[in-house]
Amino acid sequence: MSTVLVTGATGFIGRRLVPALVEAGHDVRAMTRRPDSYKGEGEPVGADVSDPASLEDALRGVDVAIYLVHSLDDPDFERKDAQAARNFSAAAAEAGVRQIVYMGGLGDDDDDLSAHLRSRREVEHLLGEDGVPVTVLRAAIVVGHGGISWEITRQLVKNLPAMVVPRWVHTRTQPIALDDVVRYIVGVVDNESAMGRVFEIGGTEQLTYLEMMRVAAESMNGRAIPIVTVPVLTPRLSSYWLALVTDVDATTGRNLIDSMSHEVVVKDTSIRDVVPGEPLSYRESVRRALAERAAAERASADKS
């Protein structure tokens, strides 16, 4: 099997991905800025994508590098993410890496993309700038315990008995379960059929954000919650509203909300030819996210 480096190994996707890659038989390096405190599977390696010199040792002998890094909580995230991608591209090429796998964002290139999606596109291109084949998996909202977009939905439903919401809630998207994201990433690793290609990944349904909140409310509370749409609520005001009723900071909220006015749905299902299998429904994705959260809370209570 392959030697695989996972950047962002302690993050939302990374900490689920590393065990799955180990189970698939790969030799996994978990890249983190704090390797001494790493408690997960795989071999911890210390490196930072903003420090080119640190990447040399981390990438030495690596066959496949999985890039799960972004700076969405930083006002200057576009510049920082671009420079980090340039650093990683050069270091991966120098190390002889065969493939880079990147989680990008869904959205048509000919749309007036938000800064968030525009940055994801730029990183896609920059990662391959030095010749390493890049496999891109473009997704919309990833539903799983701890994911920012899912946490916005969950906390809104949990904290508000009724909601006054912006008009972007009527935009369609195609959420995907975290389990399916992990399955697709594992499936494209060192897979010749996936080299240098862009894939769109999503769940079984195309839903508006409003429909997603209603399903989440039914799953969490067993009942619907009243929701009223306000025609005029700017992205800036929306981000302050999110920061007020959730623990998502205003900068991250603003960057995500800017993307929510764009319809992002799967139009190309070729990933299923490369990694066969039916993705989970949104309702099942929600059920699993809530179950994982409950299990984490029980484990935390037992420790205390």
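Assorted remarks:
- Restricting segment 162-184 to residues that are among the polar types (S, T, N, Q) and surrounded by 22 or more Cβ atoms within 10 Å (Cβ to Cβ), the residue that is modelled with the lowest pLDDT: T173
- Filter result (in contact with a helix residue (DSSP H, G or I) (Cβ under 7 Å, 6 or more places away or on another chain) and not in a strand (DSSP E or B)) within segment 129-144: E129, D130, G131, V132, I141, G144
- Restricted to segment 1-46, and to residues there that are acidic (D, E) and over 21 Å from G147 (Cβ atoms), the residue that is surrounded by the most Cβ atoms within 10 Å (Cβ to Cβ) is D27.
- Residues (touching a Pro at 6+ places or on another chain (Cβ under 8 Å) and not aliphatic (A, V, I, L, M)) located in segment 175-204: D180, G196, G202, G203, T204
- Pairs meeting the criteria (first residue in segment 172-188 and touching a residue at least 60 places away in the same chain (Cβ under 8 Å) and within 17 Å of H262 (Cβ to Cβ), second residue among the β-branched types (V, I, T) and surrounded by fewer than 23 Cβ atoms within 10 Å (Cβ to Cβ), beta carbons under 7 Å, at least 6 apart or on different chains) are R172/T208; R172/V265; T173/V265; Q174/V265; Q174/V266.
- Residues that are within 23 Å of H125 (Cβ to Cβ) and either within 20 Å of the chain's Cα centre (by Cα) or in a helix (DSSP H, G or I) (or both), drawn from segment 57-72: A58, L59, V64, A65, I66, Y67, L68, V69, H70, S71, L72
- Filter result for the condition that a residue is in contact with a strand residue (DSSP E or B) (Cβ under 7 Å, 6 or more places away or on another chain) and of a type in the set (S, T, N, Q), over Q83, Q99: Q99
- Residues being farther than 11 Å from T3 by Cα, touching a residue at least 12 places away in the same chain (Cβ under 8 Å) and part of a loop (DSSP other than H, G, I, E, B) - total across segment 25-43: 5
- Of the residues making up segment 198-246, those that are at pLDDT below 75, exposed (fewer than 14 other Cβ atoms within 10 Å of the Cβ), not hydrophobic (A, V, I, L, M, F, W, C) and not in a helix (DSSP H, G or I) are P231, T234.
- In segment 190-216, the residues that are in contact (Cβ under 8 Å) with a residue 60 or more places away in the chain and of a type in the set (A, V, I, L, M, F, W, C): A194, M195, V198, F199, I201, L207, M212, M213, V215, A216
- Taking the criterion of being outside any loop (DSSP other than H, G, I, E, B) and crowded, with 17+ Cβ neighbours inside 10 Å, the residues of segment 185-197 that qualify are I185, V186, G187, V188, A194.
- Some residue of segment 82-96 being in a loop (DSSP other than H, G, I, E, B) and either buried (at least 19 other Cβ atoms within 10 Å of the Cβ) or hydroxyl-bearing (S, T, Y) (or both): no
- Considering R283, R288, R293, the condition of being touching an Asp or Glu at 6+ places or on another chain (Cβ under 9 Å), touching a residue at least 12 places away in the same chain (Cβ under 8 Å) and within 16 Å of E151 (Cβ to Cβ) is satisfied by R288 alone.
- Single match in N159, N191 (criterion: more than 14 Å from the chain's Cα centre (by Cα), farther than 20 Å from G8 by Cβ and at pLDDT 95 or above): N191
The values are calculated or read from the model by the stated rules, or taken from the named source; none is laboratory data. Note that the structure is a prediction, hence the values are computed from the model and not measured. All Cβ positions, even for glycine, are placed from backbone atoms using ideal geometry, and neighbour counts span all protein chains on display.
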